[in-house]
Amino acid sequence: MDEPVKTMSTTVEALPARARFSLRATEADAAAAGEALAVPLGATIGEIAVAGDRRSLRLGPDEWVVVAPLEDAAPMAGAFAASGIAGSLVEISNREVSFAVSGPAAEDLLAHGCPRDLSRMAPGRGARTVFDGLSVVLWHVEDGFEVDVWRSYAPFLEALLTAAQRELAVTV
Amino acid sequence: MLLIHCPYCDETLPEAEFTYAGEAHIVRPDPSVSDETWRDFLYIRSNPKGPHAERWRHAHGCARYFNAIRDTVSDRVLVTYKAGEPRPAIAGEHGQ
Ligand SMILES: [Zn+2]
């Protein structure tokens, strides 16, 4: 996670720290939970919903991940607690780190470790999936992909991505 | 690699995102049953040659358990359905 690695076709860059929450709530409570957190919660699995600098990704029937600027963590947790919603909001800011993977060959780069057909993951969509045995969360955002990974696995993931980058630089 | 349809995500995804979790529709008996019944619950499985109802988990995705009927001869996943739903009938399936 030192200097961002760039080639003609891909860029891999560690992103600065951000607030992250794992939210578990029933369908019936989702709207109220989104209101308390001031972020919309997507209606279908895989949907990214954005409000300003906060966004959410629906991972499962009753599970979302919510990210926001670091300084928003405490107020968001407070607002959720005050709402009295019967759900669970766990702050995982420090558990994961994120890499931005961008450039015209970003999909090819991620295909080195991810078995999903990423051409079917449109911008505004994301998922928890697997990358070379690691559980990761992929976000297809406007300017490429973001990859969340548990902190202790980050050096391994970064090594895999930069090795794949070198391979792509030769072949693309 | 198998492609498996997750009934929660409603997407057909690579097997690498899933884990196998044993035979489906095994009902846990009341703990007061005989040792023989308890043994059967723990260890005795149908092991058919043909369509087999199995539990799978979308472990690296939505994390949900669901059921699948997989043909143990062709290794084809014939149908998947949400946990709690009854086992669907498979055309051409013989009794087990
Ligand atoms: Zn799923």
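The values are calculated or read from the model by the stated rules, or taken from the named source; none is laboratory data. These figures come from a predicted structure and were not determined experimentally. Every residue, glycine as well, gets a Cβ built from its backbone with ideal geometry; the counts of neighbours run over all protein chains shown. These area figures cover heavy atoms from the full protein model, side chains too; ligands, DNA and RNA do not enter into them. Shrake-Rupley method; radii C 1.70, N 1.55, O 1.52, S 1.80 Å.
For the reader, a short list of remarks on this structure follows.
- Residue satisfying all of: in the stretch A:117-172; outside any strand (DSSP E or B) and among the aromatic types (F, W, Y); nearest to A:E63 (Cα to Cα) among these: A:Y153
- Residues (more than 14 Å from chain B (Cβ to nearest Cβ) and open to solvent by 50 Å² or more (accessible area, probe 1.4 Å)) located in the stretch A:120-140: A:P123
- Among the residues of the stretch A:27-56, those identified as more than 16 Å from the ligand (Cβ to nearest atom) and of a type in the set (D, E) are A:D29, A:E35, A:D53.
- Screening B:A89 on (1) open to solvent by 60 Å² or more (accessible area, probe 1.4 Å); (2) within 13 Å of the chain's Cα centre (by Cα) shows it passes everything except condition (2).
- Of all residues in the stretch B:1-54, those satisfying the criterion of being open to solvent by 90 Å² or more (accessible area, probe 1.4 Å) and within 16 Å of the ligand (Cβ to nearest atom) are B:L3, B:D10, B:Y20.
- Among the residues examined, A:S152 qualifies as out of contact with any strand residue (DSSP E or B) (no Cβ under 9 Å at 6 or more places or on another chain) and either within 25 Å of B:E11 (Cβ to Cβ) or open to solvent by 60 Å² or more (accessible area, probe 1.4 Å) (or both).
- Matching residues in the stretch B:1-33 - criterion: being more than 13 Å from chain A (Cβ to nearest Cβ) and among the acidic types (D, E): B:E23, B:D30
- Count of the stretch B:63-83 residues which are within 16 Å of the ligand (Cβ to nearest atom) and either at pLDDT below 95 or among the aliphatic types (A, V, I, L, M) (or both): 5
- Lone qualifier among A:D117, A:D143 - being touching a residue at least 24 places away in the same chain (Cβ under 8 Å), within 19 Å of A:T10 (Cα to Cα) and open to solvent by 20 Å² or more (accessible area, probe 1.4 Å): A:D143
- Candidate set from the stretch A:1-45 (those that are of a type in the set (A, V, I, L, M) and in a helix (DSSP H, G or I)); member that is surrounded by the fewest Cβ atoms within 10 Å (Cβ to Cβ): A:A28
- Picking from residues in the stretch A:56-75 that are more than 19 Å from A:T129 (Cα to Cα) and in contact with a strand residue (DSSP E or B) (Cβ under 6 Å, 6 or more places away or on another chain), the one that is surrounded by the most Cβ atoms within 10 Å (Cβ to Cβ) is A:A68.
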